[in-house]
Structures are given as C-alpha cells and as structure tokens.
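Read the structure below first, then the notes.
The values are calculated or read from the model by the stated rules, or taken from the named source; none is laboratory data. Computed from a predicted model, the values in this text were never measured in an experiment. Cβ atoms come from the backbone with ideal geometry, glycine included; neighbour counts cover every protein chain shown. Note: accessible area is taken over every heavy atom of the protein model, side chains too, but ligands, DNA and RNA are not part of it. Shrake-Rupley method; radii C 1.70, N 1.55, O 1.52, S 1.80 Å.
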Amino acid sequence: MAGKVFFGVAMSLDGFIAPDPVPIEHLFGPKRKQDDPGVRRWMAQWAELQQAVLPQRFFRENLKLGEGGEEGLDNDIARATHERIGANVMGKRMFEGGKLAWPEEAPFHTPVFVVTHEKRDPWERPGGTTFHFVNDGIEAALEQARHAAGDRDVRISGGAETIIQYVNAGLVDEFTVTLSPVLFGSGTRLFEGVDAARVALQQVRAEPSPRVTHLTYTLRQR
C-alpha cells in the first residue's frame, strides 16, 4: 500500500471552493428551480470556478457527454489525476448532494468510501463505482480505501469539512488547488477550521494554463 493520499479542488482567488449553497434539490431532480435568480447565480459561479475542467475532452468522455472537447494542459491534468486514483473517500454531505447530480454511471469508477453514521449496504453503480458506507470515522474509511487502492492513490473527494478533518489529522500527503480567476465574496472556504499551527506546506509545482493556475503542495506536521 504505497499510494499517496491527496485532494484536488478548484478555488476562487478569494479562497472559496463553492458558491453560497442553495438546496441541492433546486439544482437537480424533480424540484429543480432553474429560473430562480439564486439558482442561476449559483450555476454561473460554479461554471466559472470549474472553467479548467468543464470544456475538456476528458470531462466529456468520463461523463459520457459525447465526442469533442478541448485538449492541452488542463485536459492532461484532469486525465492524469483520474488515472492515479485507486479509491475515493468523501463525507455524507457530498454523497447526499452528488447522488442527485451524478449520472447513473457515477464518474468515479473506483470504490468510494463514505464517512457517515448511517448504516447501509454497499451501493453498486454501473461503470465500476461502488459506494461503501463507513461508520467508524475518517481513519477507518481511509484504511479501507488504502486497502482497496493497493499501490494507487486515495483521493479525499470532499467536501471541505471532510478534507480539513483529514488535513488536521495529518493524513494528507499532498494537494492541488486549481486557482480560477474569479471572486465570490462568500461561499464555502476550503481552509475553514484548519489547525494552521500544526500544518506546514511546501510548494511542489505551479502550472499555469490560459484559464487557471494549478498549484501543488505537500503537507507535513509542524
């Protein structure tokens, strides 16, 4: 089990990884309110934040959206990131929101370990994604994910609260922030609640593209 534990997020210049939240059922499913100004604003901000990935060929391939799409550095990074992952870990809130948004063939194509207090059987989806529900905390979820991933890497998929729990516990090896040239003013901050006195960073690389800058760091405990 030699793989790394990492996360990767898109972030606005003022430090937010998501706009102010709106009810997930207003974005997806039978209760959608696409004409609501708040929903329209959220979708526009989200598209700006994700400008590095949404137009890419790999994104279209992975979500079965058809042929076409851009190629270049952003596409190469999206593909390489996906290919290094042997298992994913996420919190219950991300899972509950995502299950309304993801297509039937969820985009992970690996085992996914959901940190939750809910007891339920594994949920298998087409295309190689199976959600496993772990009731014993973040370390137990990571242990199971490492075992499933073998010598590949484990991605902490989110959301922000789950990522910070792993960072504060000293369980993350590296992360990449894709910095988008957009300002939100408010929303979900990535590093809200981080124990800054215990966490030290070292920059590994900075890769600018025409749209965004990909910043990669390693972590260590002070």
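Less than 9 Å Cβ to Cβ from residue 84, Lys/Arg counted +1 and Asp/Glu -1: what total charge do the surrounding residues give?
Numbers: positive: 4, 152, 155; negative: 83, 153.
Surrounding charge for residue 84 is +1.
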field: Options 24, 85, 110, ranked by Cα towards positive dipole end of the chain, top entry (Cβ charges)
entry: 24
field: From phi via Karplus (6.51, -1.76, 1.60), per-residue ³J(HN,Hα) for segment 208-219 in Hz, x at Gly/Pro
entry: x, 10, x, 9, 9, 10, 9, 10, 10, 10, 9, 10
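Take peptides 74-87, 118-131 and line them up by average Cβ neighbours within 10 Å, highest first, as a rough protection proxy. Before the final figure, lay out the partial values.
Working: 74-87: 17.9, 118-131: 13.1.
Highest to lowest by the protection proxy: 74-87, 118-131.
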- prompt: Quick one: putting +1 on the C-beta of Lys and Arg, -1 on the C-beta of Asp and Glu, what dipole do you get for the chain around its Cα centre, in Debye to the nearest 20?
  reply: 200 debye
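Compute the length gained on full extension between residue 13 and residue 101: take 0.36 nm times their separation in residues and subtract their Cα-Cα distance, giving the result in nm to one decimal. Don't skip to the end; give the middle numbers.
Working: separation 88, 0.36 × 88 = 31.68 nm, distance 2.58 nm.
Taking residue 13 through residue 101 to full extension adds about 29.1 nm, to one decimal.
Counting pairs of alpha carbon atoms under 8 Å apart in space and at least six apart in sequence, what relative contact order in percent does the chain give?
Numbers: 442 pairs, mean separation 64.4, N = 222.
Relative contact order here is 29 percent.
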message: Run the count for segment 28-176, please: Lys pairs, Cα-Cα under 17 angstrom, 8 or more apart or on different chains.
response: 4
query: Treating the beta-carbon of each Lys and Arg as +1 and of each Asp and Glu as -1, no other charges, what is the dipole magnitude of segment 67-162 about its Cα centre, to the nearest 20 debye?
result: 380 debye
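Quick one: pull the percent of accessible area on segment 103-222 belonging to carbon and sulfur, 1.4 Å probe, ligands and nucleic acids left out.
Working: 2930 of 6280 Å².
Whole-percent figure for carbon plus sulfur exposure: 47.
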- prompt: What FRET efficiency, computed as 1/(1 + (r/R0)^6) with R0 = 22 Å and r the Cβ-Cβ distance, is obtained for residue 40 and residue 191, rounded to the nearest 0.05?
  reply: 0.20
message: Out of the total accessible area of segment 1-70 (probe 1.4 Å, heavy atoms of protein only), what percent is carbon and sulfur?
response: 58 percent
field: In nm, spacing of pseudo-spin labels at residue 2 and residue 67 (7 Å Cα→C-beta vector)
entry: 4.0 nm
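Just from its helices, what would the mean residue ellipticity at 222 nm be for the chain, if runs of 4 or more DSSP H residues each count -39500 (n - 2.57) and the sum is divided by every residue, rounded to the nearest 500 deg cm²/dmol? Intermediate values should be presented prior to the final figure.
Numbers: 7 runs with 66 residues, N = 222.
Estimated from H runs of four or more residues: -8500 deg cm²/dmol.
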- prompt: Once fully extended, how much extra length lies between residue 109 and residue 183, figured as 0.36 nm per residue of separation less the alpha-carbon to alpha-carbon distance?
  reply: 23.4 nm
query: What is the distance, in nm, between label points placed 7 Å from the Cα along the Cα-to-Cβ direction at residue 171 and at residue 211?
result: 3.2 nm
- prompt: Using a simple spin-label model with points 7 Å from Cα along the Cα→Cβ vector, what separation in nm is obtained for residue 28 and residue 80?
  reply: 2.9 nm
- request: Provide the percentage of antiparallel DSSP beta bridges, counting only those with both residues in the chain; round to the nearest 5.
  value: 45 percent
field: Listed residues 123, 193, 182: farthest to the positive end of the dipole of the chain (Cβ charges)
entry: 193
message: Between residue 140 and residue 121, what is 0.36 nm times their sequence separation minus the Cα-Cα distance? Round to one decimal in nm.
response: 5.2 nm
- line: Averaged per residue, the 1.4 Å probe accessible area of segment 111-185, protein heavy atoms only, in Å², is roughly 47 Å²
